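J.: Handing you a structure now.
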Amino acid sequence: MPKTKLRYTYFGGYLRFTTYWWKDLFHYLYRGWWRDLYYFYHRGRYGWCSRDVWNLHNYLDKVIGETLAHLAETTHGAPGGYPNRTSTEGSTTDFEQWSADLRRWSAAFLAVSRDDYYEIHGTNYQAWFADEKRRSEERDAAFRELLPWWEALWD
């Protein structure tokens, strides 16, 4: 009968009951839960915590992307003077265009915050960096389009 590997767990991805797994477990039991609780409190009180600052651009990309998607689903109108890009009969209204643009901007921010380059490109680092550059350029373009309407982002 062939041996089967033990399933991986949350603790560092190590096999269960190995030395490294035990070290991660004890570290979490003695210090990890306290830090999680502190970060939870700090984020609730101040809106951010020191863990967020470690990779701030990625954290903000994710927060902005998720909040724009939420705003697109819950918004009740469009900002005054928002451009209606089509003016023929049966065209989209300003509200529909605003919701569509919010979703598009959200997708651009969320695409940058995903860390799936290795799963997509493997060890082809040229493709990896080209994809990363493309995503960043799309996010930058979305931010430039969003900037004039920054103060209209509320529901």
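J.: For segment 120-148, which positions are at negative phi and not in a helix (DSSP H, G or I)?
T.: Those that are at negative phi and not in a helix (DSSP H, G or I): Thr123, Asn124.
J.: Say we look at segment 121-152 and pick out the residues that are in contact with a helix residue (DSSP H, G or I) (Cβ under 8 Å, 6 or more places away or on another chain) and surrounded by fewer than 15 Cβ atoms within 10 Å (Cβ to Cβ); which of these is farthest from Gly65 (Cα to Cα)?
T.: Per the criteria, the residue is Ala127.
J.: Could you list, in sequence order, all residues of segment 15-50 that are of a type in the set (Gly, Ala, Ser) and loosely packed, with under 11 Cβ neighbours inside 10 Å? Before the answer, list the steps.
T.: Pass one, segment 15-50, residues of a type in the set (Gly, Ala, Ser): 32, 44, 47, 50.
Selection gives Gly44, Gly47.
J.: Taking only pairs six or more apart or across chains, which ones have beta-carbon atoms under 9 Å, a first residue in segment 65-83 that is of a type in the set (Val, Ile, Thr), and a second residue that is in a loop (DSSP other than H, G, I, E, B) and surrounded by 12 or more Cβ atoms within 10 Å (Cβ to Cβ)?
T.: Thr67/Leu153
J.: Scanning segment 100-155 for residues that are among the polar types (S, T, N, Q) and in contact with an Asp or Glu (Cβ under 8 Å, 6 or more places away or on another chain), which turns out modelled with the lowest pLDDT? Before the answer, list the steps.
T.: In the first step, residues of segment 100-155 are kept if they are among the polar types (S, T, N, Q); the result is 106, 113, 123-124, 126, 136.
The next check asks that each one be in contact with an Asp or Glu (Cβ under 8 Å, 6 or more places away or on another chain); those that pass are 106, 113.
Numbers: Ser106: 97, Ser113: 90.
Here the residue is Ser113.
The values are calculated or read from the model by the stated rules, or taken from the named source; none is laboratory data. Given the structure is predicted, the values throughout are model-derived calculations rather than measurements. Glycine gets a Cβ as well: all are built from the backbone with ideal geometry, and neighbour counts include every protein chain shown.
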